[in-house]
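Just below is one structure, and these are the notes that go with it.
The values are calculated or read from the model by the stated rules, or taken from the named source; none is laboratory data. Since the model is a prediction, treat every value here as computed from it, not as a measurement. A quick note on method: Cβ atoms are made from the backbone with ideal geometry, for glycine too, and the neighbour counts reach across all protein chains shown. These accessible areas exclude ligands, DNA and RNA; they are computed on the full protein's heavy atoms, side chains included. Shrake-Rupley method; radii C 1.70, N 1.55, O 1.52, S 1.80 Å.
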Amino acid sequence: MKLSNRLQRIHDQIPEGSRLADIGSDHALLPVAAVRSGKAAGAVAGEVNPGPYEAARKQVSDAGLKERITVRRGDGLDVISAGEVDVITIAGMGGALIASILDRGLSKLDEVKLLILQPNVGEDILRRWLLEHQWVVVAEQLLEEDSKVYEIITAMPQDLSPIANEEVYRARPLEGGVELTSDLLLRMGPYLTDRPTDVFFAKWESEIVKLQSVVHSISKSDQESSRDKAAEVERLIVNLKEVLACLPKVKL
């Protein structure tokens, strides 16, 4: 069974011998691969929708791994008990939804040592949730697959992390008097901005185009709140352009 590049990157972040929970597991491809490779000693595949849940059950059965992978139907972290797993993966959802899943399942995170998260959008929302709840981002990856750009965010509890959040999001001076502020680091990724690739630049140039469209749309309103919002977005666009102009491209 060959994983997509996106799922392979997530798989490779899992420590050997982990007790894994894959939330929103779809066809359970990741837990099957992780158990087969030894990355996971055992796993829980959680899925809320009936179709993917049945597909996951079949995948695990066909792989002969029913003794080591439990497929459970339920919402978010409802499928696991406190202390049952030490690594959680959540991939293919919006950052706000992933943050909501983690928030509702806070009591299940006490003994979790690693979160490997792949938001499709709203990465900054997820980073802010992690920061507010004393989780430290220790690694980030950016990849393009099938014309889509994905970010993978790996986080550890503050007491296990080799680096503090204060250091991760410390403002950084760039050339020409431009500052990479903590807010911009939360938006763009503290590690991704350290090694900005062609994919990184393409992503943020595309985001700027989307923000310009937002400004154009809300500028049509006569309401003062809309004018304030347009001015706020315009400032963000300026800041993003300044940062992109000052970051050196990393050749891969």
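Annotations
- Residues (surrounded by 15 or more Cβ atoms within 10 Å (Cβ to Cβ) and either among the basic types (K, R) or on the phi > 0 side of the Ramachandran plot (or both)) located in segment 158-180: R172
- Meets criteria (out of contact with any Cys (no Cβ under 9 Å at 6 or more places or on another chain) and either basic (K, R) or surrounded by 16 or more Cβ atoms within 10 Å (Cβ to Cβ) (or both)) for E242: yes
- Note on segment 35-50: residues that are over 21 Å from K108 (Cα atoms) and surrounded by 24 or more Cβ atoms within 10 Å (Cβ to Cβ) amount to 0.
- Given (1) part of a loop (DSSP other than H, G, I, E, B); (2) at pLDDT below 95, index of the condition S161 fails: (2)
- Selection of segment 11-25 for residues being over 18 Å from the mean Cα position of the chain (by Cα) and in contact (Cβ under 8 Å) with a residue 60 or more places away in the chain yields S18, R19.
- Close pairs (6 angstrom Cβ cut-off, 6 or more residues apart or separate chains): closer than 10 Å to L142 by Cβ in segment 185-212, part of a helix (DSSP H, G or I) and modelled with pLDDT of 95 or more anywhere: L192/F200
- Considering E144, E123, E132, the condition of being open to solvent by less than 40 Å² (accessible area, probe 1.4 Å), among the acidic types (D, E) and over 14 Å from L20 (Cα atoms) is satisfied by E123 alone.
- Of the strands (runs of 3 or more DSSP E) contained entirely in segment 26-104, those carrying at least 3 residues that are within 20 Å of the chain's Cα centre (by Cα) fall at 40-47, 87-93.
- When D78, D62, D103, D26 are checked against the criterion of being at pLDDT 95 or above, among the charged types (D, E, K, R) and under 24 Å from E151 (Cβ atoms), D103 stands alone in meeting it.
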